[in-house]
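The values are calculated or read from the model by the stated rules, or taken from the named source; none is laboratory data. Since the model is a prediction, treat every value here as computed from it, not as a measurement. Quick reminder, even Gly has a Cβ in these numbers, built from the backbone with ideal geometry, and neighbours come from all protein chains shown. SASA here: full protein model, heavy atoms, side chains in, ligands and nucleic acids out. Shrake-Rupley method; radii C 1.70, N 1.55, O 1.52, S 1.80 Å.
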Amino acid sequence: MPRIVSTAILGISALLLGAGLAFAEANLDPMEALRARPAGSNPLDPMTALSASASSAKEAEAGNADFEGLPDGPGAEETYYQCVACHSTEIIKQQRVTDLRWDELWDWMAKSQGMVEPDEETKAVILAYLKQHFSSER
């Protein structure tokens, strides 16, 4: 009988340990956190990526075809070549986050995703471009 009890205890322990690991919190991926949220669900939440409405002037602009639809302006070329090394311009064009959130996303991409950072001047140009064209603050 003791063997059955100890086997049952070991089995229950393994089950509980496995369940605990399944619920353990992994590193938060900020883009994953946005995936299931409806656009505009909370305009005060900087984590909410808002899609531009069909009637917005930004969407009405076709953007520069050479840069996959990114709006023309200072920093468009630098932004294009920096960003498409890892993802399409579509992920950029759908963003409507705060200026501070752009800084946080930049740090996350560099530290957690292995993005190669350009020199400080180019970084400033790219962040200024992103904040000008894809910020919830404008």
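Checked against (1) surrounded by fewer than 17 Cβ atoms within 10 Å (Cβ to Cβ); (2) at pLDDT below 95; (3) of a type outside the set (D, E, K, R), P71 meets all criteria but (1). Taking the range 104-132 as the range and being touching a helix residue (DSSP H, G or I) at 6+ places or on another chain (Cβ under 7 Å) and of a type outside the set (F, W, Y) as the test, the residues that pass are L105, M115, E117, P118, T122, V125, I126, L127, L130, K131. Summed over the range 94-107, residues that are open to solvent by less than 40 Å² (accessible area, probe 1.4 Å) and in a loop (DSSP other than H, G, I, E, B) total 3.
Listed by first and then second residue, the pairs with beta-carbon distance under 8 Å, at least 6 apart or on different chains, first residue in the range 77-93 and surrounded by 17 or more Cβ atoms within 10 Å (Cβ to Cβ) and aromatic (F, W, Y), second modelled with pLDDT under 90 and not in a helix (DSSP H, G or I), are Y80/E68.
Reported count of residues in the range 108-138, each being under 16 Å from A85 (Cβ atoms), assigned to a loop (DSSP other than H, G, I, E, B) and either small (G, A, S) or open to solvent by less than 50 Å² (accessible area, probe 1.4 Å) (or both), is 3.
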